[in-house]
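Where a number appears in this text, it was derived from the coordinates with a stated rule and is not lab data. Here the structure is a predicted model, which means the values were calculated and not measured. Glycine gets a Cβ as well: all are built from the backbone with ideal geometry, and neighbour counts include every protein chain shown.
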Amino acid sequence: MKIGIPAETLAGETRVAVTPETAKKLVAQGHVVIVQSGAGVSASVTDAAYEAAGARIVDAAEAFGAEIVLKVRAPSDAEAALLKPGAVVVGMLNPFDAAGLQRLAAAGAVGFALEAAPRTTRAQSMDVLSSQANIAGYKAVMIAADQYQRFFPMLMTAAGTVKAARVVILGVGVAGLQAIATAKRLGAVIEASDVRPSVKEQIESLGGKFIEVSYDTPEEKEAAVGVGGYAKPMPASWLARQQVEVAKRVALADIVISTALIPGRAAPTLITEEMVKSMKPGSVIVDIAAGKGADVNGGLTGGNCPLSEADKTVVKHGVTIVGETNLPARVAADASALYARNVLDFLKLVLPKEGGLKIDLEDDIVAACLVTRDGQVTRK
């Protein structure tokens, strides 16, 4: 089949859906791979590298006109207009974006949103959320280190001793765990909080300390278990106790990295304005959930901190707050390499070796990722 890889046009998006490594494998399987000129430049991949892998360099119209189109982000209105009816689009299509899915359905495309894959053992190799969150957790710490005007590790010098930075991680999913590991490598003292008590062992294995909050009711205990690898919304009683414990740690922290997200819902508020006011001047917050929080201040969207501003770095009450919304794009080469492997593994489910497209709705991964087909939005 003809597989097209267009360049991403969304502002700030530097990743690409196929690398020379995965292009070569697709060509070896008998597919024709066409790549828009310059598609990989921001991810440190040249057109010549794609050609060496057996791909052909084309313009945007031809790339979008392929039978299968591989994307990082959902097509825009202009891009959707270039799709052929019946084309298969695979990418991070945001299954909660009703307008985006309707746009894809109106174009007659078969859409697969990779974020919707179940978080099961079988689906691990195509789990784009995990592969990209891992990078986000790493980059969040590196950005924090750049913004923080002191050292991370403890240093003993002839001029005196420098204390290690105190880092608090809020939300210990894939991004949070990578943030703990990266901050530890830099020599910080780390504390971490999450609604799920099951992560305590993971935090401690990476050298962090778990901020414990008791679970006093069956409702609290049930919610803390989470579902599908994500935390569930917690009862107000538990959140109030957690806020008290977290506030104590935040006031002493030099750096806070917040990663808490709930699919299809606004990100929870974990760092209040009062907490920010309690922090030391020069402290840093990196809010990975920036732009996904509840509406605050007349329609502005924060994140885990209501003072966060999407895609901006601001200083509030003497604290630097980083609101980058696409951290993986800041590590484009490796982010693209991991994402491209996720895409390749998903394609194995819909492009069997005997050739031709096969949409097997008995396959739980295929069924979960299918969001548009036959002009309809299939996502419930």
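Placing +1 on the Cβ of every Lys and Arg and -1 on the Cβ of every Asp and Glu, with no other charges, gives the chain a dipole of roughly 620 debye about its Cα centre. Across segment 156-290, Cα pairs under 8 Å and at least six residues apart give a relative contact order of 26 percent.
Residues whose amide H comes within less than 5 Å of that of Ala87, counting only those at least five positions distant or on another chain, are Val110 (H built at 1.01 Å from N in the peptide plane). Scanning the chain for DSSP H helices at least 18 Å long along the axis (C-alpha atoms) with a Kyte-Doolittle mean no lower than -0.5 picks out 128-147, 236-252, 332-350. Taking amide hydrogens as placed 1.01 Å from N in the peptide plane, the amide H of Asp311 sits under 5 Å from those of Gly323, Glu324, Thr325, each at least 5 positions away in sequence or on another chain.
A dipole drawn for segment 135-325 from +1 and -1 charges on Cβ atoms has a positive end, and of Leu170, Ser258, Gln149 the residue lying farthest that way is Gln149.
Residues whose amide H falls under 5 Å from that of Val33, counting only those 5 or more places apart or on a different chain, are Ile3, Arg56, with hydrogens built in the peptide plane. So what's the Cα pair-distance distribution over segment 135-325, bin width 5 Å, in %? Result, from short to long distances: 1, 9, 17, 22, 21, 16, 8, 4, 1, 1, 0, 0 percent.
Calculate the dipole size of segment 135-325 relative to its Cα centre from +1 charges on Lys and Arg beta carbons and -1 charges on Asp and Glu beta carbons; express the result in debye to the nearest 20. Before the final figure, lay out the partial values.
Values: 20 positive and 19 negative charges, 98 e Å.
Dipole about the Cα centre, nearest 20: 460 debye.
Straight Cα distances below 25 angstrom link Lys2 to the lysines Lys24, Lys25, Lys71, Lys84, Lys348, Lys353, Lys358, with same-chain residues fewer than 8 positions distant left out. Short-range pairs are left out: with C-alpha atoms under 8 Å and at least six residues apart, the relative contact order of the chain is 18 percent. Spin-label pair Glu201-Asp59: with each label point 7 Å from Cα along the Cα-Cβ axis, the two points sit 5.9 nm from one another. Taking 21 Å as the limit for the C-alpha separation, the pairs Lys184/Lys209; Lys139/Lys248; Lys209/Lys312; Lys139/Lys292; Lys184/Lys316 exceed it in the case of Lys139/Lys248; Lys209/Lys312; Lys184/Lys316. Each peptide in 259-271, 339-351 was scored by the mean count of other Cβ atoms within 10 Å over its residues; highest first, the order is 339-351, 259-271.
Here the chain has an Rg and Dmax of 22.1, 72 Å, counting Cα atoms alone.
Rounded to the nearest whole angstrom, the semi-axes of the ellipsoid equivalent to segment 169-263, taken from the Cα gyration tensor as √(5λ), stand at 22, 15, 11, largest first.
For segment 209-217, the Karplus equation 6.51 cos²θ - 1.76 cosθ + 1.60, evaluated at θ = phi - 60°, returns couplings of 10, 7, 7, 8, 10, 5, 10, 9, 9 Hz by residue, with Gly and Pro reported as x.
As an exercise, use a Förster radius of 45 Å and the Cβ-Cβ distance of Arg122 and Lys277 to find the FRET efficiency, rounded to the nearest 0.05.
Working: r = 47 Å, r/R0 = 1.05.
Once rounded, the FRET efficiency stands at 0.45.
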